[in-house]
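Working notes for the structure below.
The values are calculated or read from the model by the stated rules, or taken from the named source; none is laboratory data. None of these values were measured; they are calculated from a predicted model. No Cβ is skipped: glycine too gets one built from the backbone with ideal geometry, and neighbour counts run over all protein chains shown. Only protein heavy atoms, including side chains, enter the accessible area calculation; ligands, DNA and RNA are left aside. Shrake-Rupley method; radii C 1.70, N 1.55, O 1.52, S 1.80 Å.
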Amino acid sequence: MIARSKVLLAAALLIGTASACSDLTGNNVTAEGAFTLQTVSNSSGTTLVPYQYVDNRGHTIFVQSDTYVLSSNGAYTEQQVYQDNGFQQVANESGSWTQSNTAVFFTPQTSDFSISPYQGTVQHNSQFNGNTRALTISINGTTAVYSD
């Protein structure tokens, strides 16, 4: 009887541990994958992509797309396609990323934007195309929401 109880306890622990490690419900979401920019919010409101704004040089910037790809080896790339005063441009960034719970930390190594580290959050989201994941990054009062 004691031996059987130990076997059942060991089996229960094994099953409980396996299901806890593979649980991707709620906030236990991996950030690995590709995310495409969906919305941008700032003090003027929220807009869908593509969108445009005037930068600090007075140039009209028309953002056509922005995509993050977070690889399982801890590397990431970002590519933004935009027009600057009507001229097609591509801006790139690459570096390393780590995740702690829902927080995602980015450390750029090469960037057309800035090499300052920044962070975002990842979570399940049903706002875009059903049950997807959302990567949210806020920098200098602007919040960008990406979806996979």
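So the values come out like this:
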quantity	calculated
Under-5 Å amide H pairs with Gln38, H placed in peptide plane, nonlocal only	Val145, Tyr146, Ser147
Val90/Ser138 FRET efficiency (R0 25 Å; Cβ-Cβ; nearest 0.05)	0.60
Local electrostatic count, Ser111, Cβ distance below 15 Å [Lys/Arg +1, Asp/Glu -1]	-4
Globularity ratio of region 48-130, using Cα Rg and 2.2 N^0.38 Å	1.24
Residue-by-residue Karplus 3J(HN,Hα) for region 137-148, coefficients 6.51, -1.76, 1.60, Hz, glycine and proline x	10, 10, 9, 6, x, 10, 10, 10, 10, 10, 9, 8
Fraction of accessible area attributable to carbon and sulfur, region 37-131 (%, probe 1.4 Å)	46
